[in-house]
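The values are calculated or read from the model by the stated rules, or taken from the named source; none is laboratory data. In this text the structure is predicted, and so the values were computed from the model without any measurement. Reconstructed Cβ throughout: ideal geometry from the backbone, glycine too, with neighbour counts over all protein chains shown.
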Amino acid sequence: MLEKAFKGGQKYWSLLLGLLVLSGIGFACFMLQLNQGLRITGMSRDVSWGFYIAQFTFLVGVAASAVMVVLPYYLHHVKEFGRITILGEFLAVSAVTMCLLFIVVDLGQPMRLLNVLLHPTPNSILFWDMVVLNGYLFLNAVIGWTVLSAERKEMPPPTWVKPLIYVSIPWAVSIHTVTAFLYAGLPGRHFWLTAIMAARFLASAFASGPSLLILLCFLIRKRTNFDPGQSAIDKLSKIVTYAMITSVFFLLLEIFTAFYSKIPGHMHGFIYQFTGYEGHAELVPFMWLSVILSVTALILLIPPQFRSNEKLLKIACLTVFFGLYLEKGVGLVVTGFIPNVFDKVTPYVPTVPELAITVGVWATGFLIMAVLYKVAIGVKEEIRA
Amino acid sequence: MEKDRREFLKIGGISVLGLSALPVFEALAQEKGPRYKPDPKALKGTQWAMIVDMKKCWEQQDKRQCKDCILACHKIHNVPEIPDPKREIKWLWMEEYKHAFPDQAHEYAPEKVKENPFMLLCNHCTNPPCVRVCPTKATFKRTQDGIVMMDFHRCIGCRYCMAGCPYGARSFNWGDPRPYLKPEDINMTYPTRRKGVVEKCTFCYERIDEGLQPACVEACKVKALIFGDVTDPKSEVRKILSGHYSLRRKIELGTGPNVYYLI
């Protein structure tokens, strides 16, 4: 099946080449980082996790969102999703790969990575995150590939894959729950220490992931002979709508608890994000942009006549994706460290090599996605022909 | 061709089996029992703790800007002096009252308390979050005496412990620390670190195991630092704690810090 990835037009090859160049630049910067240490990043002893871990956190959500097409199709027989489950699964594969790469580039001693297996530590949430992320990658790669091969031969998928599919559904929930637990169980980091962190993560994941999937469906419909189907897009847009409402609602719950209780530790993070704290306001423009994007998204999504309009839906999906990206992939991780445990502020701004490595990892993920999607769409076109 | 492949798979399979069995054999072949004896002079305790008598400390700070304990600690443990505050390595350091105790500091406290720095170090918590989060057991609580230990050679540099520690007691080597050490000052009996690993105060386990007091305690000329077993009612630390009101940092988090402050 992989041979389909080698047959493509000029646009396909230019896309791959472009992504390859970006990941090459990222890799070169990673070599620099290996040589110099993480001092080439903007992180510090006070803000000890930065852009890498934030991207990882956001992308776990994108990965988990595959369940939003898999669950309705396999548990509720929503036929419309049958055509696009493969797109969800391959999106998950590339997103989880990015997550794992972001963890690796964040390590001070990446060559000691296997110590996590050599000295397994069940009391560490990071150990469990390693388990669930690798498991999820394995599940989606195997399920996606097997079901697609069967589809190509116009046969029902082998029976052994069914249990794997059923396991993959709670597994998707687990990856984002465990990732939320990384943060939600730390004493002294008030911004993260909230019981609804996992729920917030899942809600935002089920909005951002499917909105990306809708955009990809539109792109595929325009560029290839495969039509993911209007009804699948309509159903996905409903999922995005409800998930986005839930996500914003959960955030408002946090804000209520912080500002009605008036407990300083709970308020400081939000104050830093939205008005600046002790003269530091690095995140303020980004967080307000996130608010504007999220509100726009809700206005465009909630009335059915807006969301069924293709142009408006595309804008809505972009605003959902970038609004939540700013909230989780930019704001959430850094704010946990500001103010720090001494109630002091050390601002964090990523450096150029740090951004180049970040772009490199994203490019690698999209490269994997482009190849996998090429295969999937090739198979779909072949069956139709 | 077919036969070659089968042959290859057979040999490959046996090799893999052999390799995976090797560690099992090694484990079985190992001798039981300790491979070294503890030093009979070693200090013994169930949970080491430290008292910092700030009154005595401040007198010395006023008199001669005393930093004896920090200098002794950092010299003996090859702690580099990195000028950039964002990349600093700190084992034992000074911090203002409102930053050391952000949850209880108030503006009407005595001037003396507000203006003079406190000595901070790892609290060697009874219930340490850093140990709970470490994915490789590179940081662990020593069972016999409760020291929160740090294995620089196992640490993968994920910095989860730094997120977990509510006391800012952990430092990461953002770059190679060795250029910041003077070669002639390096203590050859204690490891230097490489880039990409976390480090912190280890209550001088290496000295305790030889019957010595921690380096900072030994260096303090006015006995402002008192070290001992907090579970032993007859110990000096317990006598002092029962006679004076003491403070600990962020006790509401339940970590059980074992460094006490007298004001």
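The set of residues in the range B:91-109 that are charged (D, E, K, R) and part of a helix (DSSP H, G or I) contains only B:Lys98. Is it the case that the range A:42-61 has a residue that's part of a helix (DSSP H, G or I), polar (S, T, N, Q) and either over 25 Å from the mean Cα position of the chain (by Cα) or within 14 Å of chain B (Cβ to nearest Cβ) (or both)? Yes: one or more hits. The residue list A:Ala207, A:Ala198, A:Ala232 contains one member that is within 26 Å of A:Leu326 (Cβ to Cβ) and crowded, with 22+ Cβ neighbours inside 10 Å, which is A:Ala207.
Do you know which residues across the range A:13-41 are within 14 Å of another protein chain (Cβ to nearest Cβ), in contact (Cβ under 8 Å) with a residue 40 or more places away in the chain and polar (S, T, N, Q)? Don't jump to the end; show me each part of the working.
First pass over the range A:13-41, keeping only residues within 14 Å of another protein chain (Cβ to nearest Cβ): A:30, A:32-41.
Subsequent filtering for residues that are in contact (Cβ under 8 Å) with a residue 40 or more places away in the chain retains A:30, A:32-34, A:37-38, A:40-41.
If the condition is that a residue be within 14 Å of another protein chain (Cβ to nearest Cβ), in contact (Cβ under 8 Å) with a residue 40 or more places away in the chain and polar (S, T, N, Q), then A:Gln33, A:Thr41 are the ones that fit.
Would you mind stating whether A:Phe90 is within 14 Å of chain B (Cβ to nearest Cβ) and either among the hydroxyl-bearing types (Ser, Thr, Tyr) or buried (at least 19 other Cβ atoms within 10 Å of the Cβ) (or both)? It is false that A:Phe90 is within 14 Å of chain B (Cβ to nearest Cβ) and either among the hydroxyl-bearing types (Ser, Thr, Tyr) or buried (at least 19 other Cβ atoms within 10 Å of the Cβ) (or both).
A search for C-beta distances below 7 Å between a residue of the range A:227-253 that is under 15 Å from A:Ala297 (Cα atoms) and any residue that is of a type in the set (S, T, N, Q) and assigned to a helix (DSSP H, G or I), counting only pairs 6+ apart in sequence or on different chains, returns A:Val240/A:Ser211; A:Ser247/A:Ser204; A:Val248/A:Ser294.
Residues in the range B:50-85 that are among the charged types (D, E, K, R) and either more than 14 Å from every other protein chain (Cβ to nearest Cβ) or in contact (Cβ under 8 Å) with a residue 12 or more places away in the chain (or both): B:Asp53, B:Lys55, B:Lys56, B:Glu59, B:Asp62, B:Lys63, B:Arg64, B:Lys67, B:Asp68, B:Lys75, B:Glu81. For the range B:135-150, residues that are assigned to a loop (DSSP other than H, G, I, E, B) and more than 10 Å from chain A (Cβ to nearest Cβ) total 6.
Does at least one position in the range A:133-154 carry a residue that is within 14 Å of chain B (Cβ to nearest Cβ) and either buried (at least 20 other Cβ atoms within 10 Å of the Cβ) or farther than 27 Å from A:Ser48 by Cα (or both)? Can you show your working first?
Going residue by residue through the range A:133-154, those that are within 14 Å of chain B (Cβ to nearest Cβ) are A:133-134.
In the following step, the residues that additionally are either buried (at least 20 other Cβ atoms within 10 Å of the Cβ) or farther than 27 Å from A:Ser48 by Cα (or both) were identified as A:133.
For the range A:133-154, residues within 14 Å of chain B (Cβ to nearest Cβ) and either buried (at least 20 other Cβ atoms within 10 Å of the Cβ) or farther than 27 Å from A:Ser48 by Cα (or both): present.
Name the residues in the range A:182-196 that are under 19 Å from the mean Cα position of the chain (by Cα), assigned to a loop (DSSP other than H, G, I, E, B) and facing chain B (nearest Cβ under 10 Å), would you?
Initial filter on the range A:182-196 (under 19 Å from the mean Cα position of the chain (by Cα)): A:182-184, A:192, A:196.
Add one more test, that the residue is assigned to a loop (DSSP other than H, G, I, E, B), and what stays is A:192, A:196.
Scanning the range A:182-196 gives a single hit, A:Trp192.
Is it the case that the range B:110-126 has a residue that's within 21 Å of the chain's Cα centre (by Cα), over 26 Å from A:Ser44 (Cα atoms) and part of a loop (DSSP other than H, G, I, E, B)? So far as the range B:110-126 goes, yes, one or more of its residues are within 21 Å of the chain's Cα centre (by Cα), over 26 Å from A:Ser44 (Cα atoms) and part of a loop (DSSP other than H, G, I, E, B). Annotation note: of B:Lys3, B:Lys41, B:Lys55, B:Lys63, the sole residue that is among the basic types (Lys, Arg), at pLDDT 90 or above and farther than 22 Å from B:Val230 by Cα is B:Lys63.
I'd like to check which helices (runs of 4 or more DSSP H) are fully inside the range A:255-348 and have at least 1 residues that are within 22 Å of A:Pro210 (Cβ to Cβ).
Details: elements: A:264-274, A:284-301, A:304-307, A:310-324.
Output list reads A:284-301, A:304-307, A:310-324.
Starting from the range A:111-137, take each residue that is closer than 13 Å to A:Cys99 by Cβ and list its partners that are outside any helix (DSSP H, G or I), counting only C-beta distances under 8 angstrom and pairs at least six apart or across chains. Every condition considered, the pairs that remain are A:Leu126/B:Pro135; A:Leu126/B:Cys158; A:Met130/B:Pro135.
Have a look at B:Cys125, B:Cys158, B:Cys165 and point out the one that is within 12 Å of another protein chain (Cβ to nearest Cβ), free of Cβ contacts under 8 Å to residues at least 24 places away in the same chain and crowded, with 20+ Cβ neighbours inside 10 Å. Give the steps one after another, and end with the answer.
Values: B:Cys125 fails: free of Cβ contacts under 8 Å to residues at least 24 places away in the same chain; B:Cys165 fails: free of Cβ contacts under 8 Å to residues at least 24 places away in the same chain.
Result: B:Cys158 is the single residue among B:Cys125, B:Cys158, B:Cys165 that is within 12 Å of another protein chain (Cβ to nearest Cβ), free of Cβ contacts under 8 Å to residues at least 24 places away in the same chain and crowded, with 20+ Cβ neighbours inside 10 Å.
Of all residues in the range B:169-178 being surrounded by fewer than 23 Cβ atoms within 10 Å (Cβ to Cβ) and touching a residue at least 24 places away in the same chain (Cβ under 8 Å), which is farthest from the other protein chains (Cβ to nearest Cβ)?
Among them, the one singled out is B:Arg178.
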